[in-house]
Amino acid sequence: MSQINSPHDSVFRTLFETMGDPCFLCKKNGFIVDCNRAAWQILGYPDKQAVIGCSPEEISPPFQPDGSASHEKTIQMVELASTIGAHHFEWTHLHADGTSILVEVMLTRIVMDGEEMLHSLWRDLTSRKQAENALRKSETKLRLLFESTSDAVMLYDFKGFFDCNKAALEIFGCSTAETIKKLHPGQLSPEKQPCGTDSFTLINANLERAVEIGHCRFEWLHQRIDNGQLFPAEVLLSSMELEGKLCIQATVRDISERRQTERAEKFRGDILELLTKELLLPHILQAIVVAAEQLISDSLGGILLVDSEGKHLRHGVGPNLPDFFAAAINNISIGADTTPCGRAAFTGQRVVVEDFLQDPTWSPYQPLAAQAGLAACWAQPILSSTGKVLGILTIYYRNPHRPSSADISLITQAATLAGIAIERAKMEEQVLRLAYYDELTNLPNRRLLMDRLKRVLSANSRSGRHGALLFIDLDNFKSINDTLGHAAGDIMLHHVALRLVACVRSEDTVARLGGDEFVVMFENLREDPVEAAKQAEATGDKILAALRAPYLLNNKEQRTTPSIGAVLFKSKNDLSADTLIKQADIAMYHAKQAGRDALCFFNAQMEAFVTEKVALSSDLHDALEHDQFVLFYQIQVDQLGKAQGAEALIRWNHPKKGLVSPLQFISLAEENGSIVPIGLWVLNAACAQIKIWQQHETTRNLTLAVNVSARQFIHPNFTSQVNAIVEHHAIDPRGLKMELTESMLAIDVENVIVKMNQLQATGIRFSLDDFGTGYSSLQYIKRLPLTQLKIDQSFVRDIESNVQDRAIVRTIIATANSFNLDVIAEGVETVEQKNLLLAEGCSHFQGYLFSKPMPIAQFSQLLQDDFIT
């Protein structure tokens, strides 16, 4: 229903709509917010919309039969029901055609989604009232109805009963009317009524009232003559004259079923209210079972839950079942030939065993049932909203017994409510799992790791033992994720999780923090810190080996290595959980800096280094805004010493640290993302200088080389950004040379080639920097629109003494010649190095032999004084 938003919405709607009696859902003030079909039909309206929004007095005459105003009496009835929880009374309503409808109203307070509301259940009393009036008016009709009515009808003349119908004999358990005759009404009652008043005193008062006003209606607790069983009844005493003698006609209706219905309604309301509270599932299931036991006399209840595999039933709750019996039926099999509970779970249908002695499947349990005093069993499946069996509600009876229709209705309702509770608990469990576990790997997440770490720190304070953290980050995972796709990356992370779990003990924790970051927490390591560190290191070495092994992704073997940071800890008095995670992270960073594929333990110097790095990274964000960058220029010459151009090298003029080398901040810029705007600044500054050169005859042919980072080059807008900068400065693009590193080719070579071709078409030239140190592949080099290869200074440094370096240089030069490319050597510092390179065929040079990097003013003076341009 639209007015109700709760997990049991569909169940409530079904129960609400399918009831044969009119049902209304009202606000606390009595205004109608919903009703079922029977409700709007009894009032003669075409649909529920004509009723919703009305107050009770709007569909009532101005006054009730007792003379009270409908408006005032409505307020009284609503307040009474809200105060005591439920109130039963008669009421006259108006049909849409203006006729009166007399109804019996059960007004019950309920709570839904935290809001107090009223549930109004009607029973049409019009026919009964007409019959009662006819009985008082006509002796003929009285006799006709006397025997035909299902209510007990007895005639009393103040000496005793002198007549009764057959229904009276049945209700009071008498074989003949003579048994009832001459009895006082008080003799058909217990000694006292539920209110505590003596039955004789109270019935005499009601008899006097009937004589006084002609009739008296009330509820009464009667007692059968044959077995002494008590039952509630609704009694109407009507005074009349028969043969000139005043007498009382007593009409008695057994309302046991109605009371059962009312109790069932209250039971349903109470359980629905429980479902709105934050109670554990066993508490709610136990409340359902206890309530069912109270409504089904002389019974014991229990709930069995289907296990995770769906093959067995495990004990859920059974508050009053003997412990030995509950233990015996725990973990029973689900199947077509098992116990009644197992059969009910297998078929999804109710199974009723009226007598254990007559059911062969129960024979193994008959001695236990006899010991527990149980003789019958009703097994009702508990179903989910999709019809899946979640468990079984069992009602055990102490004697062979067949359930009544009221019993079946009750256990069906109880099972439905149990299903709502179980489904809600499963949803809450799923939400809880999402809160504490990583969805991809099913490993604990950061929150659960921190909880466990804090617990271990507290435990270590008492035990004196050590623990350790390993902070694990996969090397080059981003490259794998970008090139093979996120699905392949997820598969790798799943396999990493499995390998990590296989490397540790059951008491250790493996958690995923996010991305490719994992943490392993060791508990109960040795008290000696040296020995504890050895234990952690030994497992760390196992993890290094396990994660190095290849992964099969997209039908190809892929490899990665981990960088691991380790930190040893003891108690919460030393360091907090957050600090330990931070220290392990710092140690991991140092493992990466040391070459990756390594394990590194934390020390205090690392923290100082990282603190400095964080401060520098923060300052780096402000450097562009405050114009702190400057370009230095290092000359490039040919074999004759003629200047061919220069390489633009960025420097950071830090306000406190002075000039900062790019070796100290470029990697930081890569990490925090500022490399892209810094790269654009370099291109702008370089093109501005090229424009100045191209305006003078002596420098117009110089080329300026600019280093471009991989992250900048693969940016989607890089090509358009470069073209815009070239156009803005109005330069000849042939004066700009971009130096790319070999590592860029490992990212997305096809995209790199496309962008290089687009830029080369405008006249921009390309040089492959650090050639021979990385991803050298002739297959790709031949496809790249290069104009130059650059020999890395690491090969030049020892070319005079190292035969291998000389051979590598010779190979690079040969490769350049075969592809018709220029070649330039960087890091040339001696005449001997230059001569050797020249002898091997290298004709362009850069290095301290010619000039160190310098500001543009000094560089311009250098060109003018020392080099031929």
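The values are calculated or read from the model by the stated rules, or taken from the named source; none is laboratory data. All of these numbers come straight from a predicted model, not from anything done at the bench. Virtual Cβ from ideal backbone geometry, glycine too; neighbours counted across all protein chains shown. Each accessible area value is taken on the protein alone, full model and side chains, heavy atoms only, with ligands, DNA and RNA left out. Shrake-Rupley method; radii C 1.70, N 1.55, O 1.52, S 1.80 Å.
Here is how the numbers come out for the structure above:
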item: The lone exception for Ile408 - which of (1) among the aliphatic types (A, V, I, L, M); (2) surrounded by fewer than 21 Cβ atoms within 10 Å (Cβ to Cβ); (3) in contact with a helix residue (DSSP H, G or I) (Cβ under 7 Å, 6 or more places away or on another chain) it fails; result: (3)
item: Selection within the range 509-522 - surrounded by fewer than 20 Cβ atoms within 10 Å (Cβ to Cβ) and under 20 Å from Gln558 (Cα atoms); result: Gly515, Glu517
item: Pairs with Cβ under 6 Å, 6+ apart, first in the range 422-442 and within 21 Å of Gly316 (Cβ to Cβ), second open to solvent by 70 Å² or more (accessible area, probe 1.4 Å); result: Arg424/Pro7
item: Count of the range 786-820 residues which are loosely packed, with under 15 Cβ neighbours inside 10 Å, more than 60 Å from the chain's Cα centre (by Cα) and not in a helix (DSSP H, G or I); result: 5
item: Residue tally, condition surrounded by 19 or more Cβ atoms within 10 Å (Cβ to Cβ) and in contact (Cβ under 8 Å) with a residue 60 or more places away in the chain, over the range 478-508; result: 2
item: Scope the range 247-266; condition surrounded by 17 or more Cβ atoms within 10 Å (Cβ to Cβ) and of a type in the set (Gly, Ala, Ser); matching residues; result: Ala250, Ala264
item: Residue satisfying all of: in the range 142-192; closer than 13 Å to Ala250 by Cα, surrounded by fewer than 19 Cβ atoms within 10 Å (Cβ to Cβ) and of a type in the set (Gly, Ala, Ser); farthest from the chain's Cα centre (by Cα) among these; result: Gly160
item: Count of residues meeting criterion [of a type outside the set (Phe, Trp, Tyr) and either open to solvent by 60 Å² or more (accessible area, probe 1.4 Å) or assigned to a strand (DSSP E or B) (or both)] in the range 415-439; result: 10
item: Tabulated pairs, the range 106-129, first in a loop (DSSP other than H, G, I, E, B), second open to solvent by 60 Å² or more (accessible area, probe 1.4 Å) and acidic (Asp, Glu), C-beta under 7 angstrom, 6+ apart or interchain; result: none
item: Where Thr762 falls short, out of the listed (1) surrounded by 18 or more Cβ atoms within 10 Å (Cβ to Cβ); (2) of a type in the set (Ser, Thr, Tyr); (3) under 24 Å from Thr699 (Cα atoms); result: (1)
item: Residue that is over 30 Å from Glu116 (Cβ atoms) and among the acidic types (Asp, Glu), where the choices are Glu273, Glu262, Glu257, Glu241; result: Glu241
item: Single residue of the range 831-840 satisfying the filter (surrounded by 14 or more Cβ atoms within 10 Å (Cβ to Cβ) and not hydrophobic (A, V, I, L, M, F, W, C)) that is farthest from Val796 (Cα to Cα); result: Glu840
item: Any hit, the range 822-830, residues being closer than 24 Å to Gly735 by Cβ, open to solvent by 10 Å² or more (accessible area, probe 1.4 Å), more than 60 Å from the chain's Cα centre (by Cα) and not polar (S, T, N, Q); result: yes
item: Residues within the range 696-753 that are within 41 Å of the chain's Cα centre (by Cα) and touching a residue at least 60 places away in the same chain (Cβ under 8 Å), tallied; result: 3
item: Qualifying positions in the range 291-308 - open to solvent by less than 10 Å² (accessible area, probe 1.4 Å), over 32 Å from the mean Cα position of the chain (by Cα) and of a type outside the set (Gly, Ala, Ser); result: Ile296
item: Within the range 813-869, tally of residues that are touching a strand residue (DSSP E or B) at 6+ places or on another chain (Cβ under 9 Å), within 21 Å of Asp769 (Cα to Cα) and not hydroxyl-bearing (Ser, Thr, Tyr); result: 26
item: Residue check, Leu393 buried (at least 20 other Cβ atoms within 10 Å of the Cβ), aliphatic (A, V, I, L, M) and in contact (Cβ under 8 Å) with a residue 40 or more places away in the chain; result: yes
item: Test: residue in the range 566-584 that is polar (S, T, N, Q), surrounded by 23 or more Cβ atoms within 10 Å (Cβ to Cβ), in a helix (DSSP H, G or I) and under 34 Å from the mean Cα position of the chain (by Cα); result: yes
item: Flag if Gly44 is out of contact with any Ser or Thr (no Cβ under 6 Å at 6 or more places or on another chain) and either open to solvent by less than 20 Å² (accessible area, probe 1.4 Å) or more than 19 Å from Asp124 (Cα to Cα) (or both); result: no
item: Residues of the range 534-573 satisfying the condition of being without any contact (Cβ under 8 Å) to a residue 24 or more places away in the chain and on the phi < 0 side of the Ramachandran plot; result: Lys534, Ala538, Ala545, Pro550, Leu552, Lys556, Glu557, Arg559
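Listed here are the residues, each with its yes/no results for (1) open to solvent by 70 Å² or more (accessible area, probe 1.4 Å); (2) of a type in the set (Phe, Trp, Tyr).
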| site | (1), (2) |
| --- | --- |
| Gly214 | no, no |
| Trp220 | no, yes |
| Asn227 | yes, no |
| Leu230 | yes, no |
| Glu241 | yes, no |
| Lys245 | yes, no |
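For every residue, the table says whether it meets (1) touching a Cys at 6+ places or on another chain (Cβ under 9 Å); (2) touching a residue at least 40 places away in the same chain (Cβ under 8 Å); (3) closer than 30 Å to Ile411 by Cβ.
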| site | (1), (2), (3) |
| --- | --- |
| Cys164 | yes, no, no |
| Ala167 | no, no, yes |
| Glu178 | no, no, no |
| Leu188 | no, no, no |
| Gly196 | no, no, no |
| Ser239 | yes, no, no |
| Gly269 | no, yes, yes |
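Conditions tested, residue by residue: (1) among the aliphatic types (A, V, I, L, M); (2) within 24 Å of Arg402 (Cβ to Cβ).
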| residue | (1), (2) |
| --- | --- |
| Arg314 | no, no |
| Pro319 | no, no |
| Asn331 | no, no |
| Ile334 | yes, no |
| Thr338 | no, yes |
| Val351 | yes, yes |
| Leu357 | yes, yes |
| Ala372 | yes, yes |
| Ala376 | yes, yes |
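This table checks each residue for (1) at pLDDT 95 or above; (2) farther than 20 Å from Glu826 by Cβ; (3) of a type in the set (A, V, I, L, M); (4) crowded, with 17+ Cβ neighbours inside 10 Å.
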| position | (1), (2), (3), (4) |
| --- | --- |
| Asn672 | no, yes, no, no |
| Leu683 | yes, yes, yes, yes |
| Ala686 | yes, no, yes, yes |
| Ile692 | yes, yes, yes, no |
| Thr699 | no, yes, no, yes |
| Ala705 | yes, no, yes, yes |
| Glu727 | yes, yes, no, no |
